[in-house]
Structure formats: C-alpha cells, structure tokens
Amino acid sequence: MRILHTGDTHIGARQYGLEARRSDFARAFTQVITIAIAESVAAVIHAGDLFDDRYPSAEELSETVRALSRLKEAGIPLLGIVGNHEQRRGVQWLDLFAELGLAVHLSAEPYQLGETEVYGMDYAGRRRARPQQVPPGSLLVCHQMLDKARSDGELRLEELAGCGARLVLLGDYHEHRVWRAMGAYGHTPLQLVTYCGSTERWSLDEREPRGVSLIDLETGRLDRRELTTRSFIYISEEDDPIKSIAAQQEQFKEAIICVYRGSDEHSIAEIEERARAAGSLAVRVRDRRPQAERERPELQVQLDFGDLDSLVAERLAQQDLSGLARQIDGIIRDRAVADSRVDAEVNVLLDEQQ
Ligand SMILES: [Mn+2]
C-alpha cells in the first residue's frame with residue numbers, strides 16, 4: 001500500500017508581491033493531486049502548511065476545495081495536520097474541510113489505513129515539541145523542525161525514536177530529507193523519518209528541484225516524483241550578471257533571477273533593466289560584496305518590477321539607520337516572510353547578533 005507524502009504547499013503565498021507566484025503555488029498543489037490520482041495511492045498525507053497564512057482568500061479556499069474534491073472523487077482520502085503558518089486559535093481550515101468530507105484531521109486518535117494506524121500532531125511551537133506516544137508500528141505525522149535538519153530544531157530525533165512509530169512523515173523543513181536505519185537508537189522500531197520538502201520555492205535558498213514522495217507503507221520504500229515549478233536562475237558572484245543574462249537570454253523569460261552581487265561593476269538598476277529586457281518575472285539582488293566596498297548600504301529587500309519596494313528602499317537608504325534596523329526592516333517588508341512569522345524571524349536575527 002502506497003501513500004503520497006506532501007506538505008508545505010503554502011497556497012496563497014504571493015511571493016515578491018506577484019500574482020504569477022500566487023498561481024504557481026496553487027498550480028503546484030494541483031500537480032500533487034494529479035500525481036496522487038495517476039499513481040492510485042491509498043491516501044495523500046499532508047504534513048502541514050497547506051496555506052501560507054491563517055487568512056486564505058475566497059479564491060484560495062475555492063481552488064483548494066476544487067482540488068480536494070478531485071481527490072475525493074478518485075476515492076483517495078487526504079489526511080492532514082496543521083502547520084505553523086496556517087494555525088488558528090479556534091477552528092482550523094482543516095476542520096472545515098473535514099466537516100465537508102474533503103479531508104481527515106489526523107490526531108491522537110488513530111486513523112486506520114489498511115494495516116497501519118495513522119496519528120498526527122499539529123504544530124506545537126518552537127520551544128519544545130515532544131512527540132506523542134503511539135502504538136508500536138504506527139505512522140506519525142508532525143509539523144516540526146527536527147534537530148537533524150537544523151541544529152536549533154525543537155524536535156529531537158532521539159525522542160522520536162522512542163515514540164513507538166515505525167514511520168514518521170514530517171513537514172516544516174522545506175527540503176526533502178530521509179533518515180533510515182536509526183540503529184544508534186537501539187530501542188527503536190523506527191524505520192523511516194522523512195521530510196517531503198515544499199512544492200514551490202518559498203525562499204531563494206530552496207534551490208533543489210521540488211517534488212513529492214511516494215512511500216510504500218509495508219517496506220518503507222520511498223520514490224520521488226518531481227514537480228514542474230517556476231524556473232529560478234542563480235547568478236553567482238563570480239559571474240558578470242549583465243553578460244550572463246545576455247548569453248542565455250531565452251532562459252530568463254518568465255524566470256525569477258537571483259543575482260549574488262560580487263563586485264560593484266553594475267548598479268542594481270542596470271541589472272534589473274537587463275533582466276526586464278530579457279522578460280524575466282522578477283529579480284532579487286543579494287549583495288555579497290565585502291562591507292567596505294559598499295559605498296551606500298543597500299537594503300536587503302527584493303527589487304520587483306512595477307511595485308514600490310525599490311522606491312521605498314531608495315528612500316530608506318538615505319535615512320541614518322543602523323545595519324540592524326535595516327535588516328529588521330528587510331524582514332518586515334519581505335513578502336516571502338508571512339506576517340505571522342515576522343516575530344520569529346526577527347528573534348532569530350537578534351539571536352545571531354549575540
Ligand atoms: Mn512551511
């Protein structure tokens with residue numbers, strides 16, 4: 001019996017303020033549903049962050065209901081948990097879908113999937129996340145950061161190993177990862193711990209191809225299916241951005257370009273102008289020049305075509321703000337950082353300063 005493991009779909013993410021990006025995130029979820037139906041999986045397991053924030057629009061809700069209905073018509077249940085981005089105080093969106101018969105909200109009560117009991121744990125905060133105890137051999141779904149994925153992760157693999165589960169499917173970390181044969185934790189029946197990864201690039205750091213996992217519940221075998229996503233092109237600080245764009249003009253059409261700026265040869269305006277001429281969707285410039293070479297500190301905000309960010313950045317650059325204030329401002333106005341995440345992101349930044 002095979003299931004499809006997905007998560008971190010972030011529907012509603014209007015990355016860089018672009019409607020095209022909002023559609024991309026919705027389209028990625030539609031692809032996931034199409035794969036699930038084509039592969040005749042026994043269930044889709046969604047490990048949280050279905051939505052990018054707590055307030056999906058009517059459009060997003062309607063698109064999601066449509067996608068979930070397709071799955072239901074194919075006789076495939078969607079089993080989900082709630083992630084940090086979409087988590088609300090009271091009733092969750094997932095509960096609403098469950099009421100409509102379009103999803104199952106996994107919990108401490110088992111959901112029987114063939115021979116396997118499936119349990120779920122909603123996002124439980126960053127400070128401390130103890131996995132719930134489940135009967136030996138079951139499947140547990142969580143939305144947490146594992147210490148093996150990021151050293152400051154709140155969920156410890158060692159604790160997971162003692163929770164009884166044989167399979168642990170995770171969301172929250174946006175890269176696909178697999179841990180197997182956890183022999184170091186001798187007392188454990190734990191066979192597989194895995195992150196499925198996000199379905200569209202939610203941040204520039206997500207450079208690997210996006211995809212979903214097909215997992216055989218009996219053997220633990222895992223296969224990947226790649227998704228077709230927006231093309232992101234990275235220009236390293238060793239390369240001249242203007243020459244790179246000129247050399248591969250075709251590739252830059254509709255693409256998002258990330259330029260790591262290594263020298264001061266070209267102004268951001270010039271890079272932006274060339275990228276626009278090549279038909280790219282957006283440009284983000286990340287300054288990798290040594291501090292001393294920066295005549296005027298540029299804000300680390302994205303420069304999008306046709307919106308106010310570059311103008312605001314220009315004006316702010318004229319203010320006498322400290323480097324830290326500029327970075328905090330960057331986080332607040334970064335559209336890739338959801339409003340509900342600003343506190344956490346600023347705290348991380350402040351921790352780094354100490
Ligand atoms: Mn996420």
message: Please report the antiparallel percentage of DSSP beta bridges with both residues in the stretch 1-147, rounded to the nearest 5.
response: 20 percent
- prompt: Among the GluC sites (Glu not before Pro) within the stretch 54-116, which fall in a DSSP loop and have no more than 15 other Cβ atoms within 10 Å of their own Cβ?
  reply: Glu115
field: Cα gyration tensor shape for the stretch 98-189, rounded if a/c is under 1.5, else prolate or oblate
entry: oblate
statement: Within the stretch 182-265, DSSP-loop GluC sites (Glu not before Pro) with at most 13 other C-beta atoms within 10 Å are Glu218, Glu238, Glu254, Glu265
query: For a paramagnetic label modelled at 7 Å from the Cα of Gln353 toward its Cβ, which residues of the stretch 324-341 fall within the zone defined by backbone nitrogen distances under 15 Å?
result: 324-332
query: Based on DSSP H assignment, which helices of the chain show an axial Cα extent of at least 24 Å together with a mean Kyte-Doolittle hydropathy greater than or equal to 1.6?
result: none
query: Given the Cα-Cα distance of Arg207 and Gln319 and 0.36 nm per residue of separation, how much length would full extension add, in nm?
result: 36.9 nm
message: Need one number: % antiparallel among DSSP beta bridges in the chain, to the nearest 5.
response: 35 percent
Positive-pole candidate from Ile331, Gly120, Cys258, dipole of the chain, charges at beta carbon: Gly120
message: What are the ³J(HN,Hα) couplings of the stretch 103-115, residue after residue, when phi is run through the Karplus curve with 6.51, -1.76, 1.60 and θ = phi - 60°? Round to Hz, x for glycine and proline.
response: 7, 10, 8, 5, 8, 6, 8, x, 10, 7, 10, x, 7
task: Send over the per residue convex hull volume for the chain, Cα only, as a whole number of Å³.
output: 153 Å³
Helix-only [θ]222 nm of the chain, DSSP H runs n ≥ 4, -39500 (n - 2.57) each, per residue, nearest 500: -8500 deg cm²/dmol
query: Tell me, what is the FRET efficiency for Glu270 and Arg128 to the nearest 0.05, using R0 = 45 angstrom and their Cβ-Cβ distance as r?
result: 0.40
Dipole in debye (nearest 20) - the chain, about Cα centre, beta carbon charges: Lys, Arg +1; Asp, Glu -1: 660 debye
task: Give, rounded to the nearest 20 debye, the magnitude of the charge dipole that the stretch 231-286 has about its Cα centre when Lys and Arg contribute +1 at Cβ and Asp and Glu contribute -1 at Cβ.
output: 240 debye
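Quick note: the coordinates plus some simple rules give every number you see, no bench work behind them. The model shown is predicted, which means the values in this text are computed figures rather than measured ones. In this analysis, Cβ positions are derived from the backbone assuming ideal geometry, glycine residues included, and neighbour counts consider all displayed protein chains.
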